[in-house]
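What follows is one structure encoded as structure tokens, with my remarks underneath.
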């Protein structure tokens with residue numbers, strides 16, 4: 001809280017002042033301090049005053065704290081955030097939890113490094129049963145804990161929050177314009193040695209822009225099974241509607257996993273599946289399913305390693321040429337520099353084997369992500385990834401083996417101090433550049449997504 005260091009003399013003065021101010025509280029709990037108490041309060045420095053006001057607000061003397069804060073406004077470069085924090089404590093003591101959370105959010109909006117404020121906000125959100133937002137801040141606090149023991153305590157508290165409400169449901173609506181909704185080619189022709197000339201790429205294969213709207217819902221279930229296991233299941237659905245109905249989509253996914261709980265993480269075994277449906281008939285156009293292994297290891301209070309590997313069968317209703325299997329593995333390491341800043345390094349490998357060998361491929365990817373809370377209540381999420389894909393057989397049309405390099409860059413901005421019924425507005429921009437030696441698959445795209453989020 002940038003409250004500063006209290007000297008031995010300052011602690012003695014604070015104790016004497018606390019005794020003086022709290023002594024009459026048991027008898028009549030007066031709001032107005034005596035002249036002697038005022039004189040003693042006027043003599044101490046601001047750091048001591050801040051500590052005293054926090055103690056009064058937390059010990060049932062919030063009216064006295066409010067009186068002193070109003071009569072003697074805090075000064076100095078930390079005064080505004082200190083005042084917001086103490087006002088939040090006073091509102092919380094008076095039972096106005098929503099008002100208190102607003103004060104805490106305002107202080108964090110100006111300075112996201114205020115760990116004490118974040119902890120008070122998280123506890124207030126837990127009481128308000130705004131679990132998603134509370135969990136978001138608790139996880140940030142765990143990453144900034146001074147020791148692994150402290151971090152483990154925070155993570156255990158997060159688990160207890162999950163246990164009190166095993167069923168969770170969220171829904172969203174987003175505006176999602178894109179300059180290339182069909183991932184179509186940026187070119188109009190492709191050279192074919194089979195015909196010895198350039199061939200025109202059909203209209204459906206060339207990139208098209210569109211204004212889209214997305215709506216979706218996700219449900220989750222989390223149940224602790226004794227001391228050593230937990231069961232986790234989730235289901236998601238998303239519908240995207242564009243001005244050109246040819247690009248409408250309905251996608252579903254499900255997962256279920258049994259986790260063996262470790263001292264610093266878990267090992268999970270389960271299954272995943274996904275489907276895409278025709279937006280007119282609701283008939284399945286694509287189905288995938290298979291087993292998955294996953295793990296999370298909290299290496300230190302600031303470092304977390306996650307990994308998973310999935311083997312799936314893929315089935316397209318339109319024909320068997322694209323049917324096949326895929327083995328996908330990924331790993332991510334997250335390091336927290338502070339509660340408001342963390343970096344994630346990712347890596348992955350996919351081995352996709354389809355009946356159409358020219359569409360089968362191996363790919364390797366590496367990525368970097370940055371989470372940073374900025375002043376003015378802005379949270380920025382930056383991410384970048386490069387993915388190399390090498391296909392298994394010669395493309396029959398182009399006469400060469402396809403070789404792609406895909407670059408993805410994105411930025412997300414959240415206004416975390418703008419609380420709209422438990423949600424905050426989020427704006428995300430994504431740029432994709434797929435550099436291919438076959439012009440039919442060479443393209444770039446820009447996409448924007450505007451939605452509301454609970455993770456703020």
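Among the residues of the stretch 23-44, write down those that are surrounded by 14 or more Cβ atoms within 10 Å (Cβ to Cβ), at pLDDT below 75 and within 16 Å of residue 57 (Cβ to Cβ). 25, 33, listed by residue number. Only one of the numbered conditions (1) over 30 Å from residue 315 (Cβ atoms); (2) touching a strand residue (DSSP E or B) at 6+ places or on another chain (Cβ under 6 Å); (3) free of Cβ contacts under 8 Å to residues at least 40 places away in the same chain is not met by residue 373, and that is (3).
With the condition kept exactly as written, say whether any residue in the stretch 430-445 is touching a helix residue (DSSP H, G or I) at 6+ places or on another chain (Cβ under 6 Å) and buried (at least 17 other Cβ atoms within 10 Å of the Cβ). Checked the stretch 430-445: no residue is touching a helix residue (DSSP H, G or I) at 6+ places or on another chain (Cβ under 6 Å) and buried (at least 17 other Cβ atoms within 10 Å of the Cβ). Of the candidates 349, 335, the single residue that is in the same structural domain as residue 447 (by TED's automatic domain parsing) and more than 28 Å from residue 275 (Cα to Cα) is 335. Looking across the stretch 409-425 at every residue that is modelled with pLDDT of 90 or more and surrounded by fewer than 17 Cβ atoms within 10 Å (Cβ to Cβ), the one that is farthest from residue 100 (Cα to Cα) is identified as 409. Evaluation of residue 421 against the conditions (1) farther than 28 Å from residue 203 by Cβ; (2) touching a strand residue (DSSP E or B) at 6+ places or on another chain (Cβ under 8 Å); (3) without any contact (Cβ under 8 Å) to a residue 60 or more places away in the chain shows that the sole unmet condition is (2). For the criterion of being modelled with pLDDT under 80, in the same structural domain as residue 449 (by TED's automatic domain parsing), surrounded by fewer than 17 Cβ atoms within 10 Å (Cβ to Cβ) and in contact with a strand residue (DSSP E or B) (Cβ under 8 Å, 6 or more places away or on another chain), residue 194 fails.
Here's the yes/no breakdown for (1) in contact with a strand residue (DSSP E or B) (Cβ under 7 Å, 6 or more places away or on another chain); (2) closer than 18 Å to residue 89 by Cα:
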residue	(1), (2)
122	no, yes
126	no, yes
140	no, no
176	yes, no
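Pairing residues of the stretch 63-76 that are over 12 Å from residue 52 (Cβ atoms) with residues that are buried (at least 17 other Cβ atoms within 10 Å of the Cβ) and modelled with pLDDT of 90 or more, at Cβ distances under 7 Å and at least 6 apart in sequence or on separate chains, gives 66/90.
The values are calculated or read from the model by the stated rules, or taken from the named source; none is laboratory data. Model, not experiment: these values are computed from the prediction. Here the Cβ is made from the backbone with ideal geometry for all residues, glycine too, and neighbour counts use every protein chain on show.
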